[in-house]
Amino acid sequence: IELKTAPADFRFPTTNQTRHCFTRYIEFHRCLAAKGEESNQCEKFAKYYRSLCPGEWIDKWNEQRENGTFPGPL
């Protein structure tokens with residue numbers, strides 16, 4: 001098994017990766033909306049946000065998306 005995290009991103013130069021996590025989550029869901037659920041092209045974004053974001057945040061955001069209360073621009 002090869003474990004990797006998201007690559008460095010010049011938009012997020014500090015050690016606090018909260019915004020990086022949130023942005024990667026949004027990029028993944030935008031990719032799915034644009035390319036469809038069956039597209040493998042979005043999988044890299046999924047790997048990125050899953051390696052950066054705490055599981056509790058992901059669960060909360062998924063629930064918010066289902067309820068239509070997600071605060072981000074999807």
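The values are calculated or read from the model by the stated rules, or taken from the named source; none is laboratory data. Computed from a predicted model, the values in this text were never measured in an experiment. A quick note on method: Cβ atoms are made from the backbone with ideal geometry, for glycine too, and the neighbour counts reach across all protein chains shown. Heads up: the accessible areas ignore ligands, DNA and RNA and are worked out on the full protein's heavy atoms, side chains in. Shrake-Rupley method; radii C 1.70, N 1.55, O 1.52, S 1.80 Å.
Here are the numbers for the structure shown:
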item	result
Carbon and sulfur %, accessible surface of the stretch 17-67 computed with the full protein complex present, 1.4 Å	43
222 nm mean residue ellipticity, helices alone, for the chain (DSSP H n ≥ 4; -39,500 (n - 2.57); rounded to 500)	-18000 deg cm²/dmol
Solvent-accessible heavy-atom area per residue, rounded to whole Å², over the stretch 17-67 at 1.4 Å	65
Gyration tensor (alpha-carbon) shape descriptor, the chain, a/c threshold 1.5	oblate
Set of aspartates and glutamates with alpha-carbon distance to Lys44 below 12 Å, sequence-local pairs under 8 removed	Glu27
Charged-residue dipole, Cβ positions (Lys, Arg, Asp, Glu), the stretch 17-67 about Cα centre, Debye nearest 20	280
